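The values are calculated or read from the model by the stated rules, or taken from the named source; none is laboratory data. Predicted model only: the values in this text are computed from it and were never measured. Note: ideal-geometry Cβ built from the backbone for every residue, glycine included; neighbour counts use all protein chains shown. These area figures cover heavy atoms from the full protein model, side chains too; ligands, DNA and RNA do not enter into them. Shrake-Rupley method; radii C 1.70, N 1.55, O 1.52, S 1.80 Å.
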Amino acid sequence: MKQTIAAMIGILLGIAVAFLPIPGLELPAKMALGILLWAIVWWIFKILPEFVTALIMGVLFILVCGIPSKTMLAAFSESSVWLLLSSFALSLGISKSGLLKRISLYILKIFPGNFPAQALGLITVGTVIGPFIPNLSAKSAILAPLSKGISDSMGYEPNGKAAAGLFLAMLTGLRSAGPLFISASVLGYTFLGLYPAEIAGRFTMWRWFVAALPWFLLVSIANFAALMLFYKPKDPETHGKDEIDRQLEVLGPMSGAERRMLSVVLVTMLLWTTEELHGLPAHLVAIAAMCVMLGLKIVSTDTFYSGMNWGPVIYVGVLFGIAPAFEALGINDWIVGLCSPVFYRVSSAPWLLVICVGLITVLLRFVIASEFAAANITMVFLIPLSLSLGINPWVIGFTVYAVICPWFFMYQNPVYVAAYYALDGEMIGQKEAAKYCAVYLSLCLSAVVLTVPIWIYTGVFYL
């Protein structure tokens, strides 16, 4: 009943906006805003799967607003969608072959068996495996049991401070690595696809990494210090590697599929990071790697069909059509004219600009449950504003990306939910998690502010 009411409210709000007298907008433009508002309501209340609502929205833009199909669906011929599709396929191979778990265990084995070292190990694992799999929920579902095994072997009380600290080290390690690598999350591809072609062309895998690295280092150092301050137990334990040794013994020697997948991954990463030397675009490298993986039968054809995350690919591809549709309908000019005076005052102080963008993003996530929807909606409005003031949209997008991951409530963060329920809530309580969420987001936004001078000095901040 609740969803039915919400569905009707979304439709009525969309119709109301479409026929409101909005100065500066023609009827097709108002209809486009109405359709977008309807879609937002349906995304908030999860009336339909996200990609289904997105597809309906795309069809309505074409039929009602007169947007050509080749404009609305152009992203499916662009590099970002194919890079995302191929990365999902590679992540499937890494997971199914067992390589991801083996890499994670070997990394954790390097670190001593005490709380600080294992917390640092979990953060390191999240960083190292970050670029390999763009599905954060899948990574958290795999790493969460490892963190619990370590916690249990060290004798930590379930839902105690130390256990919670290890869980948060695992979760924040994955989250902090997201903005560092394009390929670490679907959101990386989402932002890349939203930027104008000339902006997106500047940010290869390597250049994105270099620009994001100062922020990542600041966040990682501050996050580790906060975890030690709040969660480090008084009595040191030195037997946390027992569980790691046990799981490595269960895995046994590396299989042929793992060795083949490791070779594919290493060559792919090498070609991605050296793109400026050989000139092969990242999406073509990823497509070739996917074909090699399937050719070597690391993943069967049936597994490829059934195990792929097709929904996010469709969802992201359709949402990329909003920006060109808004531009064609004159909505971008209307947004700039309406908001640029306020935006200009804030932009005169770069640090204040990123704080405002960050706070707006966090507040928006209390209303919009989907990270993808929140990112797209925010950037559709902020990109034309940043361009009009000569500010690099990548900086604005990165600020949004840095804080778009709250877990104050379960509905806000599917990555946190996947990890929480993978352990049946036996490592941390929701109240404790919400407290540290406020700490972590504060660190993320503070790191953005401190990185602004570096971006200005290196020519990233302004166009």
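Annotations for the structure displayed:
- In region 37-126 the Cα-Cα distances spread across 5 Å bins starting at 0 as 2, 11, 12, 11, 12, 12, 9, 10, 9, 6, 3, 2, 0 percent of all pairs.
- Accessible area per residue, Å², the chain with all protein chains present, probe 1.4 Å: 41
- Ligands, DNA and RNA left out, the accessible area of the chain computed with a 1.4 Å probe is 69% carbon and sulfur.
- In the chain, the DSSP-assigned H stretches of four residues or longer account for a calculated mean residue ellipticity at 222 nm of -24000 deg cm²/dmol, using -39500 (n - 2.57) per stretch and the full residue count as denominator.
- Of the listed residues V285, V336, the order by accessible area with a 1.4 Å probe, largest first, is V336, V285.
- The chain: relative contact order as a whole-number percent, Cα under 8 Å and 6+ apart: 23
- Backbone amide hydrogens, once placed in the peptide plane, bring I391 within less than 5 Å of L463, excluding anything fewer than 5 places away on its chain.
- Ranked by solvent-accessible area (1.4 Å probe, protein heavy atoms only, all chains present), the residues Y305, Y315, Y106 order from largest to smallest as Y305, Y106, Y315.
- Most to least accessible of I40, I150 (protein chains only, probe 1.4 Å): I40, I150
- Charges were assigned to the Cβ only: +1 to each Lys and Arg, -1 to each Asp and Glu. The resulting dipole of the chain about its Cα centre is roughly 180 debye.
- Region 143-159 and region 251-314 have Cα centres separated by 32 Å.
- Computed over every Cα-Cα pair of region 273-388 and binned at 10 Å starting from 0, the pair-distance distribution P(r) comes out as 11, 26, 27, 23, 11, 2 percent.
- Surface accessible to a 1.4 Å probe, L55 within the full protein complex, Å²: 80
- Dmax and Rg, reported as Rg then Dmax, of the chain (C-alpha, Å): 22.4, 69
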